[in-house]
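To start, the structure itself, in structure tokens.
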Amino acid sequence: MALTLQNVTKKYKDFTAVDNLSFSIQAGEIFGLIGQNGAGKTTTFRMILNLQQTTDGTIQWNDQSIDALNRDLLGYLPEERGIYPKMKVEEQLYFFGELRGKTKKQLKPKVDYWLERFDLLEKRKAKAETLSKGNQQKVQLIASFIHEPDFLILDEPFSGLDPVNRDLLMSAIMDLRDEGMTILFSSHQMDNVEELCDRLCILKKGQSLFSGDLQQLKEQYGKINLRVRTAKTIPELQQLEGVEKVIVTKDGYTLRLQDESFGPALFETLSSGAYMEKFSMDYLSLDEIFKLKVGATHE
Amino acid sequence: MNKTWLLLKQNYLQKVQAKSFIAMTILYIAIILVALNWSSITSFFSSDDDVRIAVIDETKVVGDSFPMDGEISYMPSLMSEAEAKKNVKSGAYDGALFLKDHNGKLQATLMTEEPLSLNHQQSLEALVDSTSKVYRIQQLNLSSKEAESILTASTPIKEVSLQATSSKTTEDKMAGVGISYAIGFLIYLFVITYASMITTDIASEKGSRVLEVLMASVRPNQHLFAKIVSVILVGCTQIILLIAVAYVAINMKGGELQATIQDILSAFSPSYFWFVGAFVILTLLLYVTLGAFLGSLVSKVEEAGQAAMPLTFMMMAGFFTLIYGMTNPDTALVKVLSYVPFTSGMLMPLRYSATDLSVSGVWISLAILLVTLLIVFYATVSMYRRSVLTYSTGGLIEKFKNVMKFTT
């Protein structure tokens, strides 16, 4: 395991920000930390970065205390973006690279490569404050990994990006993973998490509701999403055995089943042995699971 | 490259290349050059209004007291009043001064078309005043030597202090007041400039969240140290630049000004300048460290001005006490505040040069300043790592409480 959090707790005088949190990240994987605002994601990141002390528990990197980790091996993109508004794009990247122990000579090809890949070559001499929000975000992302860290932490890397830039960022993150970088990131947008990471941790009010493999999480719930196109009415559908909830969609219905074992019987009933245009059983999306999990414990 | 050095270099270069810094320095240089050439500038503007006054001396004895080649040219004349009136009206003279005897006293009447300017009026009044005294003495039938000896009689007081330290002469003390005021003013100017510079700087890094990125790679004390040293270096750059400009300008001008300045400076012992140097550096460090702390408390750059306010007030307290102390540096207020570390930098040079304070007093004040600086520095370092990542609303005290609450 590259990173291991064991029973990590962060208490302030009158509330607990992170409560007994445990998860581990394997070397070279992308791990997602999801949760609502105030769930404790940023506090967790800050504890991993040693910006805040833990009240209890241990954080280890390669079986050693995180305190011993060379800071130059870390990359960090905070939730609220941090760049020097008056500094030129290129200077900014060199400055952050040098700050993490690289020389200008080592950085030069990297800076050129990433500026080109992110379509920022024309802006290299521009002051950061003159860039659009999306471009600023791209500069900040490059700055967070220009020194090729072993471990990269991205706090909400996609917030405020248009779909084109989002895809650009996403493919960059996957390439970094392929080069062996271990990546921990947080997001509100579950589709991003689903697309990027294999394993994740769901946080709610500082507590972990789930930690582990995304596929396992989905399998826990089973294939209980049934999408159908049928002539039956909503009351009729609600009467069917095993159907918990009927959701009207643009081109039909989505039935939430009590269990995936009701599938074959429902197919029999709905098709009545005839041709059926749409009958699709699937796992819940991460978004749906998140709402179920967080909603279920909503007091 | 060392991280502290990298931060320091980046911050220093950014500051000295900033337009505001360059503009400020040019402004200061302009002020210095204007101040050094003040007499030439004023004479250039006043050269064309040569004032001519006709002196009609009916006593026949005092006319010689009025020089023809001073700021005002006094021309002896035998005109009648009507003629004088005509001449003044026509502009041949700016005025006519009639001197008459009235019961053994000198009576003076000035006739002008337009009133004289204030400084000409004052110099004329002073001249008439002294002439009237001479006239009165002459009326008492004293010889002119006897008269002069009365007028120039003065008794310098020889001061004997029972303390071991050598007592300073009044002239030395006056020079001390002057130069200490200049030093106090410079401290005031530089401390306010650089303390608010660091407050704004840290507040803007905190506001733009760069600080959070930096904190992930450098230790908070490295960052704080780099900030303080770079701001002090920016300050030193400016001071050295200004001193160099002043030095070159004085040497180029040479003559009387150079002699006067050398004369003033020679009135002070080298130890005075060492002490002043120590006070300037330590006071600057103290305020810049406090400025850094206040900057780390606020959440965005817009709040920086408000945050730096307490420092400005403390500086103003010191500066106004200095102005008050110039007339009497021995008052209790000045004495007390010259030991308070936040004001001692401005007041101790004054007391050291303009009173008979012993060197041990200066050392004590310096020691208090140094100890305070170390305490403030230590406290700032320990608070800094917590305050830079805490964002909260409210006043400074509330922010401080939040830092304590959310980070312990």
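Brief remarks follow.
- Cβ crowding within 10 Å, taken as a proxy for footprinting-reagent exposure, orders A:Phe96, A:Phe267, A:Phe15 from fewest neighbours to most as A:Phe15, A:Phe267, A:Phe96.
- Degrees between helix B:255-266 axis and first principal axis of chain B (Cα, 0 to 90, nearest 10): 60
- With both labels modelled 7 Å from their Cα along Cα-to-Cβ, the B:Leu142 to A:Asp178 distance reads 11.0 nm.
- Region A:170-237 - charge dipole about Cα centre, Lys and Arg +1 at Cβ, Asp and Glu -1, debye rounded to 20: 520
- Computed magnitude of the charge dipole of chain A (debye, nearest 20; Cβ of K, R +1, Cβ of D, E -1): 1080
- Remark: relative contact order (region A:1-109) = 25 percent; criterion is Cα-Cα distance under 8 angstrom and separation of 6 or more residues.
- Principal-axis tilt of helix B:270-297 within chain B, Cα atoms, nearest 10 degrees: 50
- Value of relative contact order over region A:3-218, rounded to a whole percent, pairs C-alpha under 8 Å and six or more apart: 32
- Amide H contacts of B:Val51 (H built 1.01 Å from N, under 5 Å, at least 5 apart or other chain): B:Ser73
- Across q = 0.06 Å⁻¹, chain B modelled as identical point scatterers on its alpha-carbon atoms has Debye log10 I(q)/I(0) values of -0.42, in the order of the q list.
- GNM flexibility winner over chain A from A:Phe262, A:Phe95, A:Phe23 (Cα, springs under 10 Å): A:Phe262
- Kirkwood Rh in Å, taken over all unlike Cα pairs in region A:223-282: 11.3
- In this structure the amide hydrogen of A:Leu203, modeled in the peptide plane, comes within under 5 Å of the amide hydrogens of A:Ile34, A:Gly35, A:Leu209, none closer than 5 places in sequence on its chain.
- Lysines whose Cα lies under 22 Å from that of B:Lys86, excluding same-chain neighbours fewer than 8 positions away: B:Lys100
- The ranking of A:Cys201, B:Cys236 from fewest to most other beta carbons within 10 Å of each one's beta carbon is B:Cys236, A:Cys201.
- The distance from the alpha carbon centre of region B:350-408 to that of region B:15-30 is 29 Å, rounded to a whole number.
- Measuring max minus min along each principal axis, the C-alpha atoms of region A:84-162 give extents of 31, 27, 22 Å (largest first).
- The residue among A:Ser208, B:Tyr74, B:Tyr352 whose Cα reaches farthest toward the positive pole of the charge dipole of the protein assembly as shown, with charges on the beta-carbon of Lys, Arg, Asp and Glu, is A:Ser208.
- Axis angle, to the nearest 10 degrees, between helix A:286-296 and the longest C-alpha principal axis of chain A: 80 degrees.
- Take each residue of peptide A:91-102, count the partner chain Cβ atoms within 10 Å of its Cβ, and average: the result is 3.
- In sequence order, region A:109-117 has phi-based couplings of x, 5, 4, 4, 4, 6, 5, 5, 4 Hz under the Karplus curve 6.51 cos²θ - 1.76 cosθ + 1.60, θ = phi - 60°, and Gly or Pro positions carry x.
- Put a plus charge on the Cβ of each Lys and Arg, a minus charge on the Cβ of each Asp and Glu, and nothing anywhere else: the dipole of region A:223-282 about its Cα centre is then about 240 debye.
- Look at the alpha carbon pairs under 8 Å that are at least 6 residues apart: their mean separation over the length of region A:138-194 gives a relative contact order of 46 percent.
- Enclosed volume per residue, in Å³, of the convex hull spanned by Cα atoms of the protein assembly as shown: 275
- The share of C-alpha pairs in region B:169-407 whose separation exceeds 33 Å stands at 26 percent.
- Converting phi to 3J(HN,Hα) with the Karplus coefficients 6.51, -1.76 and 1.60 and the offset θ = phi - 60°, region B:364-377 yields 4, 4, 5, 5, 4, 4, 5, 4, 4, 4, 5, 5, 4, 5 Hz in sequence order, with x at every glycine or proline.
- Inter-chain neighbour count for B:213-224: the average number of beta-carbon atoms from partner chains within 10 Å of each residue's beta-carbon is 5.
- Per the Debye formula on identical point scatterers at the alpha carbon atoms of region B:1-97, with no solvent, log10 I(q)/I(0) at q = 0.20, 0.22 Å⁻¹ is -0.98, -1.07.
- Note on region A:160-299: semi-axes of the ellipsoid equivalent to its C-alpha gyration tensor, largest first and rounded to whole Å, are 34, 18, 14.
- Using θ = phi - 60° in the Karplus curve 6.51 cos²θ - 1.76 cosθ + 1.60, the 3J(HN,Hα) couplings for region B:66-74 round to 9, x, 8, 10, x, 4, 10, 8, 9 Hz; x is entered for Gly and Pro.
- DSSP bridge orientation in chain B - percent antiparallel, rounded to nearest 5: 45
- Radius, Kirkwood style, for region B:51-148 when every pair of distinct Cα atoms is counted (Å): 13.9
- Debye intensity ratio I(q)/I(0), log10, region A:1-62, q values 0.18, 0.29, 0.30 Å⁻¹ (C-alpha model): -0.61, -1.41, -1.46
- For the segment B:199-210, counting C-beta atoms of other chains within 10 Å of every residue's C-beta and taking the mean gives 3.
- Among beta bridges identified by DSSP and lying wholly in the protein assembly as shown, the antiparallel ones come to about 60 percent.
- Taking each DSSP H run with n ≥ 4 as -39500 (n - 2.57) and averaging over every residue of chain B yields -23500 deg cm²/dmol at 222 nm.
- Rounded to 5, percent antiparallel among DSSP beta bridges of chain A: 65
- In this structure, the amide hydrogen of A:Thr9, modeled 1.01 Å from its nitrogen in the peptide plane, lies closer than 5 angstrom to those of A:Asn20, A:Leu21, A:Thr55, A:Asp56, A:Gly57, counting only residues at least 5 positions away or on a different chain.
- Among B:Thr200, A:Thr130, B:Thr42, sorting on how many other beta-carbon atoms sit within 10 Å of each Cβ, with the fewest leading, yields B:Thr42, A:Thr130, B:Thr200.
- Cα pair count fraction exceeding 29 Å, expressed as % - chain A: 46
Every read-out reported here was derived from the displayed coordinates using simple, explicitly stated rules and does not represent laboratory data. What you are looking at is a predicted structure, and each value in this text was computed from that prediction instead of being measured. Neighbour counts run over all protein chains shown; Cβ positions are idealised from the backbone, glycine included.
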